[in-house]
């Protein structure tokens, strides 16, 4: 068991520390990091999700539908709870509360999931990873953009649009993103029983393999170059993300009678650290920057005990 945990955790922190060292040594400037982020979000990650999804059967896909519901309920539920905490307890604006909510609920499952789940479940884990990516990019991200639009426009914009005017563009932008429409296409092909040519599968798989390593490397750079603070709010964020969210997902999966190994895939995906989207949006809107970066850093540290605990739960169930 210890060897299995080490084989999963060590590569993740090794690449993360490489990125951290590169960030501390100023090997990459902000423009280069932004470019690498674009590589992951627009090319590597969508390709990885597509190849992983089309590699499963329609029966396997339908079997994981209850897991999709469990992850949706837990992610959206935690998002709402954190948003209300941000407004009522921490006295943030709508924008600040929205950024706090996405910093907690946006798990890094789509980015780090292949590195954690593939050694355990193999290629079949790609369906759960694609599902959580769809929830995050179709529900969580657009909801945050709408709330940010209610509170304020980006710093470069001089006028504030009505709330309704923000909803449509936010949803359109989400659907147009490759990380959303490519997995959706893959789901449609699997349900229709359409096979993807092997040459296309190989080509997309080659770029898709870069997802986890590059995402971890960039996360290390981001932590190294960001201002990190430790206070009550960051602590609450970390506990909600690394303890409450995976417990909620596991409980909802049990209530929906999600069978093994699917319920454990959901547990691991939600037990991963916060994704980088909170930092990117906080930087764009010039608010909640230190808290977002600190939340990512703290959840990265807490991954050391939470992933082994999740694996022990899986083995003992």
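Please treat every number below as a calculation from the coordinates, not as lab data. Small disclaimer: the values here were computed from a predicted structure and weren't measured. Counting neighbours? That spans all protein chains shown, and the Cβs are built from the backbone with ideal geometry, glycine included.
Compute the Cα gyration tensor for segment 182-283, then decide on rounded, prolate or oblate, letting a ≥ b ≥ c be the square roots of its eigenvalues: rounded whenever a/c is under 1.5, prolate when a/b is larger than b/c in the other cases, and oblate in all that remain.
On the way: a/c = 2.96, a/b = 1.32, b/c = 2.25.
Note, shape of segment 182-283 comes out oblate.
Given just the C-alpha atoms of the chain, how large is their convex hull per residue in cubic angstrom?
Numbers: hull volume 41.5 nm³, N = 317.
Per residue, the Cα convex hull of the chain comes to 131 Å³.
Taking the Cα centre of each part, how many Å lie between segment 10-60 and segment 220-256?
One Cα centre to the other: 20 Å.
So how do 42-53, 183-194 stack up, highest first, on mean other-Cβ count within 10 Å? Mind dumping the intermediate values first?
Working: 42-53: 24.8, 183-194: 15.8.
So the order, starting with the most tightly packed, is 42-53, 183-194.
Can you tell me, using C-alpha contacts under 8 Å and at least 6 residues apart, the relative contact order of segment 181-304 as a whole percent?
On the way: 87 pairs, mean separation 38.6, N = 124.
Normalised by residue count, the contact order of segment 181-304 is 31 percent.
Based on the mean of other Cβ atoms within 10 Å per residue, sort peptides 228-235, 67-74 so the most packed one is first. Mind dumping the intermediate values first?
Values: 228-235: 14.4, 67-74: 22.2.
The densest-packed peptide leads the list: 67-74, 228-235.
Sorted by mean Cβ packing within 10 Å, highest first, what order do the peptides 236-249, 95-108, 198-211 take?
Numbers: 236-249: 22.1, 95-108: 27.4, 198-211: 15.2.
In decreasing order of mean packing, 236-249, 95-108, 198-211 become 95-108, 236-249, 198-211.
Based on the alpha-carbon gyration tensor of segment 32-104 and its eigenvalue square roots a ≥ b ≥ c, which shape applies: rounded if a/c is under 1.5, prolate if not and a/b is larger than b/c, or oblate? Please list the in-between numbers first.
On the way: a/c = 6.19, a/b = 1.42, b/c = 4.36.
Oblate, because a/c is 1.5 or more while a/b does not exceed b/c.
For n ≥ 4 DSSP H runs only, could you compute -39500 (n - 2.57) per run for the chain, divide by its residues and tell me the 222 nm figure to the nearest 500?
Numbers: 18 runs with 239 residues, N = 317.
Calculated at 222 nm, the ellipticity per residue is -24000 deg cm²/dmol.
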